Amino acid sequence: MALVRLCPMVAMLLIAGCAGPMGTIHTDTVPTPVVTSFDGTYRSTIRLTKGFGQTSWCDTPGQPVITVANGQFDYAVPHPNVPSNYTPSYPATFAPDGTFFGQLTGGTISGQVRDTHMEGSIDGSACVYAFTGERM
(Lines give C-alpha, C1' and ligand atoms only; values in the text may rest on other atoms or scores of the structure.)
Protein backbone atom coordinates (compact mmCIF):
# COMPACT_ATOMS: atom_id res chain seq x y z
CA MET A 1 0.00 0.00 0.00
CA ALA A 2 2.92 2.31 0.74
CA LEU A 3 4.24 1.74 -2.79
CA VAL A 4 0.94 2.89 -4.31
CA ARG A 5 1.20 6.23 -2.49
CA LEU A 6 4.84 6.62 -3.47
CA CYS A 7 4.32 6.11 -7.25
CA PRO A 8 2.56 9.45 -7.96
CA MET A 9 5.20 11.31 -5.91
CA VAL A 10 8.08 9.65 -7.78
CA ALA A 11 6.43 10.33 -11.15
CA MET A 12 5.97 14.00 -10.27
CA LEU A 13 9.61 14.37 -9.19
CA LEU A 14 10.82 12.71 -12.39
CA ILE A 15 8.73 15.01 -14.56
CA ALA A 16 9.82 18.13 -12.64
CA GLY A 17 13.45 17.07 -12.88
CA CYS A 18 13.18 16.84 -16.68
CA ALA A 19 11.94 20.40 -17.09
CA GLY A 20 15.48 21.80 -17.29
CA PRO A 21 16.63 25.30 -16.43
CA MET A 22 14.30 28.25 -17.03
CA GLY A 23 17.04 30.43 -18.50
CA THR A 24 17.48 34.12 -17.91
CA ILE A 25 14.28 36.13 -17.70
CA HIS A 26 14.72 39.60 -19.19
CA THR A 27 12.48 42.43 -18.10
CA ASP A 28 14.09 44.93 -20.44
CA THR A 29 11.68 46.47 -22.93
CA VAL A 30 12.72 47.85 -26.27
CA PRO A 31 11.94 51.57 -26.32
CA THR A 32 9.64 52.75 -29.09
CA PRO A 33 11.43 55.27 -31.30
CA VAL A 34 10.06 58.81 -31.15
CA VAL A 35 8.85 59.94 -34.57
CA THR A 36 9.41 63.68 -35.00
CA SER A 37 9.23 64.08 -38.78
CA PHE A 38 5.54 65.06 -38.52
CA ASP A 39 6.05 67.60 -35.73
CA GLY A 40 4.58 71.02 -36.39
CA THR A 41 1.36 72.99 -36.34
CA TYR A 42 -1.67 72.09 -38.44
CA ARG A 43 -4.73 74.29 -39.04
CA SER A 44 -7.71 71.93 -38.72
CA THR A 45 -11.40 71.57 -39.40
CA ILE A 46 -13.82 68.94 -38.12
CA ARG A 47 -17.20 67.65 -39.25
CA LEU A 48 -19.72 65.23 -37.79
CA THR A 49 -20.09 62.05 -39.88
CA LYS A 50 -22.40 60.08 -37.60
CA GLY A 51 -24.32 60.77 -34.40
CA PHE A 52 -26.36 58.54 -32.14
CA GLY A 53 -29.27 59.73 -30.01
CA GLN A 54 -29.22 63.44 -29.14
CA THR A 55 -27.15 64.59 -32.16
CA SER A 56 -27.13 68.27 -31.13
CA TRP A 57 -24.84 67.10 -28.34
CA CYS A 58 -22.33 66.19 -31.05
CA ASP A 59 -22.02 69.81 -32.21
CA THR A 60 -18.44 70.98 -31.70
CA PRO A 61 -16.21 73.79 -32.87
CA GLY A 62 -13.36 71.28 -32.84
CA GLN A 63 -9.80 72.30 -32.25
CA PRO A 64 -8.66 74.94 -34.78
CA VAL A 65 -4.95 74.17 -34.34
CA ILE A 66 -3.27 70.80 -33.78
CA THR A 67 0.27 70.95 -32.44
CA VAL A 68 2.37 67.83 -32.93
CA ALA A 69 5.45 67.59 -30.68
CA ASN A 70 7.73 64.57 -30.24
CA GLY A 71 5.42 62.55 -32.48
CA GLN A 72 2.35 63.10 -30.31
CA PHE A 73 -0.66 65.39 -30.06
CA ASP A 74 -3.96 65.73 -28.20
CA TYR A 75 -7.20 66.61 -29.96
CA ALA A 76 -9.83 68.20 -27.68
CA VAL A 77 -13.47 67.91 -28.76
CA PRO A 78 -15.63 70.34 -26.75
CA HIS A 79 -19.38 69.68 -26.61
CA PRO A 80 -21.03 73.02 -25.75
CA ASN A 81 -24.58 71.59 -26.00
CA VAL A 82 -23.94 68.89 -23.41
CA PRO A 83 -25.09 70.14 -19.98
CA SER A 84 -21.64 69.64 -18.43
CA ASN A 85 -19.81 70.96 -21.55
CA TYR A 86 -17.95 67.65 -21.71
CA THR A 87 -14.59 67.98 -23.54
CA PRO A 88 -12.75 64.70 -24.15
CA SER A 89 -9.15 65.02 -25.28
CA TYR A 90 -7.89 62.23 -27.54
CA PRO A 91 -4.14 61.50 -27.33
CA ALA A 92 -2.48 60.34 -30.57
CA THR A 93 0.98 58.94 -31.29
CA PHE A 94 2.65 58.75 -34.70
CA ALA A 95 4.17 55.69 -36.34
CA PRO A 96 7.13 56.10 -38.74
CA ASP A 97 4.82 55.74 -41.79
CA GLY A 98 2.79 58.84 -40.81
CA THR A 99 -0.18 57.03 -39.35
CA PHE A 100 -1.37 57.95 -35.87
CA PHE A 101 -3.59 56.28 -33.32
CA GLY A 102 -4.81 56.81 -29.78
CA GLN A 103 -7.62 55.78 -27.50
CA LEU A 104 -9.56 56.70 -24.42
CA THR A 105 -12.14 54.70 -22.55
CA GLY A 106 -14.78 56.56 -24.57
CA GLY A 107 -13.31 56.36 -28.09
CA THR A 108 -10.43 56.36 -30.53
CA ILE A 109 -8.56 58.71 -32.83
CA SER A 110 -6.74 57.56 -35.96
CA GLY A 111 -5.46 58.91 -39.23
CA GLN A 112 -2.43 59.78 -41.32
CA VAL A 113 -0.25 62.64 -42.46
CA ARG A 114 0.92 62.77 -46.07
CA ASP A 115 3.23 65.60 -47.05
CA THR A 116 1.61 68.60 -45.32
CA HIS A 117 -1.95 67.20 -45.15
CA MET A 118 -3.40 65.53 -42.04
CA GLU A 119 -6.58 63.49 -42.21
CA GLY A 120 -8.22 61.51 -39.44
CA SER A 121 -11.28 60.34 -37.60
CA ILE A 122 -12.51 60.39 -34.04
CA ASP A 123 -14.93 57.71 -32.95
CA GLY A 124 -16.38 58.88 -29.65
CA SER A 125 -19.02 57.35 -27.42
CA ALA A 126 -21.97 58.72 -29.40
CA CYS A 127 -20.41 60.87 -32.15
CA VAL A 128 -18.10 60.08 -35.07
CA TYR A 129 -16.08 62.89 -36.68
CA ALA A 130 -13.74 63.37 -39.62
CA PHE A 131 -11.05 66.02 -39.37
CA THR A 132 -8.42 67.45 -41.69
CA GLY A 133 -5.45 69.69 -41.16
CA GLU A 134 -2.89 71.58 -43.23
CA ARG A 135 0.60 72.24 -41.94
CA MET A 136 1.13 75.95 -41.27
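Within the stretch 69-80, is there a residue that is modelled with pLDDT under 95, charged (D, E, K, R), in contact with a strand residue (DSSP E or B) (Cβ under 6 Å, 6 or more places away or on another chain) and part of a strand (DSSP E or B)? No, every residue in the stretch 69-80 fails to be modelled with pLDDT under 95, charged (D, E, K, R), in contact with a strand residue (DSSP E or B) (Cβ under 6 Å, 6 or more places away or on another chain) and part of a strand (DSSP E or B).
Is it true that GLY124 is without any contact (Cβ under 8 Å) to a residue 24 or more places away in the chain and either buried (at least 18 other Cβ atoms within 10 Å of the Cβ) or under 23 Å from VAL34 (Cβ atoms) (or both)? Judged against the criteria, GLY124 is not a match.
Of the residues making up the stretch 34-60, those that are open to solvent by 80 Å² or more (accessible area, probe 1.4 Å) and either charged (D, E, K, R) or modelled with pLDDT of 95 or more (or both) are ARG43, THR45, ARG47, LYS50.
The values are calculated or read from the model by the stated rules, or taken from the named source; none is laboratory data. These numbers come from a predicted model, not from an experiment. Quick reminder, even Gly has a Cβ in these numbers, built from the backbone with ideal geometry, and neighbours come from all protein chains shown. Ligands, DNA and RNA are stripped out before the accessible areas are found, and what is left, the full protein with its side chains, is counted by its heavy atoms. Shrake-Rupley method; radii C 1.70, N 1.55, O 1.52, S 1.80 Å.
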